[in-house]
1. Looking at region 126-179, which of its residues are among the β-branched types (Val, Ile, Thr) and under 27 Å from Ile16 (Cβ atoms)?
2. Of everything in region 113-135 that's β-branched (Val, Ile, Thr) and farther than 23 Å from Pro40 by Cα, which residue is surrounded by the fewest Cβ atoms within 10 Å (Cβ to Cβ)?
3. Out of region 85-112, which residues are closer than 18 Å to Glu191 by Cβ, surrounded by fewer than 20 Cβ atoms within 10 Å (Cβ to Cβ) and out of contact with any helix residue (DSSP H, G or I) (no Cβ under 7 Å at 6 or more places or on another chain)?
4. Do we find that Gly217 is modelled with pLDDT of 95 or more, more than 19 Å from the chain's Cα centre (by Cα) and at positive phi in this structure?
5. Would you mind finding the one in His238, His203, His230 that is touching a Cys at 6+ places or on another chain (Cβ under 9 Å) and either aromatic (Phe, Trp, Tyr) or within 30 Å of Gln51 (Cβ to Cβ) (or both)?
6. Which ones in region 262-275 are loosely packed, with under 14 Cβ neighbours inside 10 Å, in a helix (DSSP H, G or I) and not charged (D, E, K, R)?
7. Of all residues being farther than 14 Å from Cys102 by Cα and of a type in the set (Ser, Thr, Tyr) in region 25-53, which is surrounded by the most Cβ atoms within 10 Å (Cβ to Cβ)? Just the residue, please.
8. When residues of region 136-164 are filtered for being assigned to a loop (DSSP other than H, G, I, E, B), charged (D, E, K, R) and modelled with pLDDT of 90 or more, how many remain?
Amino acid sequence: MTTSISRPGIPPAVSIIVVSADSGTSLRECARRGLACTMPLQFILIDNDSQDGMPQAIAQEHAGDTRLTVIYNGANLGFGPAINRAARQADGDALLILNPDCLLENDTLQRLLDHLQRTPKVGLLGAIVHDEQGVADPASFRRDPLVARALRTFFGRAGEGVNIDGPVPDRLVQAEAVSGALMLMPRGVFEHLGGFDEAYFLHCEDLDICRRVRDAGHGVWLAGDVRVLHGKGTSSRHRPIFVSWHKHRGMWRWFRKFDPLARNPLLASVVWMGIWAHFLAKIPAQWWRLRKKRRLSQASPA
């Protein structure tokens with residue numbers, strides 16, 4: 001089901017697409033900040049069967065705002081499939097894929113679009129996403145997660161890892177991959193690639209599309225001079241084992257598609273076992289933290 005408010009005659013410069021799945025109060029602020037931007041835009045909120053009532057509350061709060069479209073999926077389709085569905089209703093020449101816990105400033109969109117328009121052959125543009133203390137997320141600027149790199153990162157060994165060491169850039173630079181919390185793409189590039197690979201449900205689809213952008217001859221760039229506040233997903237905290245399952249499943253799919261080691265059946269088997277052993281090893285701590293959180297919630301006064 002879609003709640004769509006008629007849009008004005010002026011075409012938007014950018015369509016902001018946000019996927020929600022019990023995203024909590026951060027979603028409300030994300031929508032408020034996005035709709036507070038003064039440039040022509042379209043804001044598409046696509047909901048993966050949230051039970052917290054937040055998408056409906058946002059639709060009511062912004063009733064009459066012609067820039068807002070709310071789509072109710074009625075089921076959790078996954079991140080990539082929801083983005084692809086929303087993109088089919090997008091009017092903007094550019095698509096800004098934004099996490100529901102990312103908060104835009106008024107000039108953020110214009111600065112990103114300026115970079116997009118001035119940079120030749122750009123297929124995807126990211127920004128520095130950071131926490132409330134201003135600490136940049138390492139995922140803002142990273143390399144393809146090839147197994148050799150992932151192992152160096154995991155064990156803290158010297159050499160080229162997934163994350164790029166040193167201070168984050170403060171200027172526009174090319175990257176292999178940027179954070180999926182904020183990705184700006186020309187709509188033509190997105191459509192040419194066929195959007196996100198819908199075989200990913202959650203996690204690693206951002207790494208996949210960065211790689212496919214580059215393989216198609218376009219550039220992936222990081223706007224190091226643009227910083228965006230990024231919280232941690234509420235839905236992930238509610239369902240840590242569910243999220244971890246899909247994250248590890250996404251790792252395996254990315255490896256099979258892009259890592260040269262996947263061509264060796266023996267090495268591929270070792271990687272498969274390593275991925276799922278890592279998933280199983282994380283379950284006890286995740287289950288314990290979730291159980292403790294529920295106990296504290298039940299013990300707290302109403």
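The values are calculated or read from the model by the stated rules, or taken from the named source; none is laboratory data. Keep in mind the model is a prediction, meaning the values are calculated, not measured. So basically every Cβ, Gly included, is an ideal-geometry build from the backbone, and we count neighbours across all protein chains shown.
1. Residues satisfying the conditions are Ile128, Val129, Val135, Val168, Val173, Val178.
2. Top of the filtered list is Val135.
3. Arg85, Arg88, Gln89, Asp91 - these are the residues of region 85-112 that are closer than 18 Å to Glu191 by Cβ, surrounded by fewer than 20 Cβ atoms within 10 Å (Cβ to Cβ) and out of contact with any helix residue (DSSP H, G or I) (no Cβ under 7 Å at 6 or more places or on another chain).
4. Yes; evaluated as a whole, the condition is true for this residue.
5. Result of the check over His238, His203, His230: His230.
6. Residues satisfying the conditions are Pro265, Leu266, Ser269, Val270, Met273.
7. Among them, the one singled out is Ser50.
8. 4
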